[in-house]
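Undergrad: Shown below is the structure under consideration.
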Amino acid sequence: MGQPKILASYLSGKVQIVVGDITQQNVDVIVNTANSTLLGGGGVDGAIHAKGGPEILEACREIRRTRFPKGLPTGEAVLTVGGQLSARHVIHTVGPITGIGKEPDAKMLAECYRNSLALAANDGLRSIAFPAISTGAYGYPPERAAPVVSETIESVLSAGTPVEQVRLVFFNEADARTFLKHQSFTTTG
Ligand code: APR
């Protein structure tokens with residue numbers, strides 16, 4: 001499991017832009033682009049459950065039983081074990097769905113990142129890796145997501161949080177470059 005390929009870093013190195021597989025990130029917690037059922041799916045969701053094993057699904061089922069019988073609402077985030085993953089935990093969050101020709105819901109996308117970072121902070125987790133939430137099956141235009149994601153992460157980090165490292169993981173270099181082109185972090189390096 002080599003070190004991820006770091007394309008760029010921001011906020012004095014606290015934020016790293018990498019190309020790789022979210023399931024292979026050596027951090028305290030990785031974020032899953034779940035759906036409201038919390039019972040798995042394709043993309044990141046499929047990869048995390050396939051790699052992490054049944055413990056994760058069992059923890060998700062328990063959360064559904066005890067806290068969210070109607071499903072996890074968009075923008076919310078929950079924490080589970082990481083099962084067989086190298087990450088000790090998984091945070092499951094449900095991103096907004098953007099219909100064809102519809103305006104993407106920037107507020108809801110920001111909530112996914114904000115709530116995930118808050119969960120990590122509350123649990124004393126110091127390093128977190130995000131995939132590009134909602135930009136796959138859920139259709140959020142990646143160039144529109146980049147400024148929302150960067151502004152949200154920067155506002156949380158500059159307000160003070162015990163989270164020391166935030167990794168944004170892109171499945172391929174083209175996606176990472178699109179993010180780099182449209183992000184709005186104020187300080188590089
Ligand atoms: N590692 C990192 N990034 C990945 C991986 C992976 N293993 N697999 C896919 N991606 C990228 C996709 O290329 C996309 O850019 O993650 C981004 C998010 O894609 P999705 O996983 O499709 O997530 P999302 O758009 O939020 O849709 C969520 O899809 O799989 C279902 O159950 C899931 O219903 C939910 C919906």
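No lab work stands behind these numbers, since they all come straight from the coordinates. Just so it is clear, the model here is predicted, and its values are computed rather than measured. Cβ placement follows ideal geometry from the backbone for every residue including glycine, while neighbour counts extend to all protein chains displayed.
Undergrad: Which whole-number percentage describes the relative contact order of the chain, with Cα contacts under 8 Å and a sequence gap of 6 or more?
TA: Across the chain, relative contact order equals 29 percent.
Undergrad: Per DSSP helix of 4 or more residues, -39500 (n - 2.57); summed, then divided by the residues of the chain. What does that give at 222 nm, rounded to the nearest 500? The partial results should precede the final answer.
TA: Numbers: 5 runs with 67 residues, N = 189.
So the helix-based figure for the chain works out to -11500 deg cm²/dmol.
Undergrad: Suppose we keep just the DSSP beta bridges with both residues in the range 1-137; what percent of those would be antiparallel, to 5?
TA: Values: 10 of 18 bridges.
Roughly 55 percent of the DSSP beta bridges within the range 1-137 come out antiparallel.
Undergrad: Also: State, to one decimal in nm, how far the label point of Ile6 lies from the label point of Lys70, with both points 7 Å from Cα in the Cβ direction.
TA: Here the answer is 4.4 nm between the modelled labels.
Undergrad: For the chain, what are the DSSP H helices with axial Cα length of 15 Å or more and mean Kyte-Doolittle hydropathy of at least 0.0? Display every interim value, and only then the final one.
TA: On the way: long enough: 54-66 (18 Å, -0.71); 106-122 (24 Å, 0.22); 142-158 (23 Å, 0.19).
Long hydrophobic helices here: 106-122, 142-158.
Undergrad: Also: With a cap of 12 neighbouring Cβ atoms within 10 Å, and only residues DSSP puts in a loop, list the trypsin sites (Lys or Arg not before Pro) found in the range 37-121.
TA: Values: sites: Lys51, Arg61, Arg64, Arg65, Arg67, Lys70, Arg88, Lys102, Lys107, Arg114; in loops: Arg67, Lys70, Arg88, Lys102.
Within the range 37-121, the qualifying trypsin sites (Lys or Arg not before Pro) (loop, at most 12 other Cβ atoms within 10 Å) are Arg67, Lys70, Lys102.
Undergrad: In addition: Mind checking the range 146-179 for GluC sites (Glu not before Pro) that DSSP puts in a loop (not H, G, I, E or B) and that have at most 16 other Cβ atoms within 10 Å?
TA: Details: sites: Glu151, Glu154, Glu164, Glu173; in loops: Glu164.
The qualifying sites are Glu164.
Undergrad: Calculated FRET efficiency, Ser158 and Asn122, Cβ-Cβ r, R0 22 Å, to nearest 0.05? Display every interim value, and only then the final one.
TA: Values: r = 19 Å, r/R0 = 0.85.
The calculated FRET efficiency here is 0.75.
Undergrad: A follow-up question, please. In the chain, what is the volume of the convex hull around the alpha carbon atoms, normalised per residue and reported in Å³? Before the final figure, lay out each step's value.
TA: Values: hull volume 19.9 nm³, N = 189.
In the chain, the Cα convex hull volume per residue is 105 Å³.
Undergrad: Where the centroid of each part is defined by its Cα atoms, how far is the range 53-98 from the range 141-189 in Å?
TA: So the two Cα centres are separated by 23 Å.
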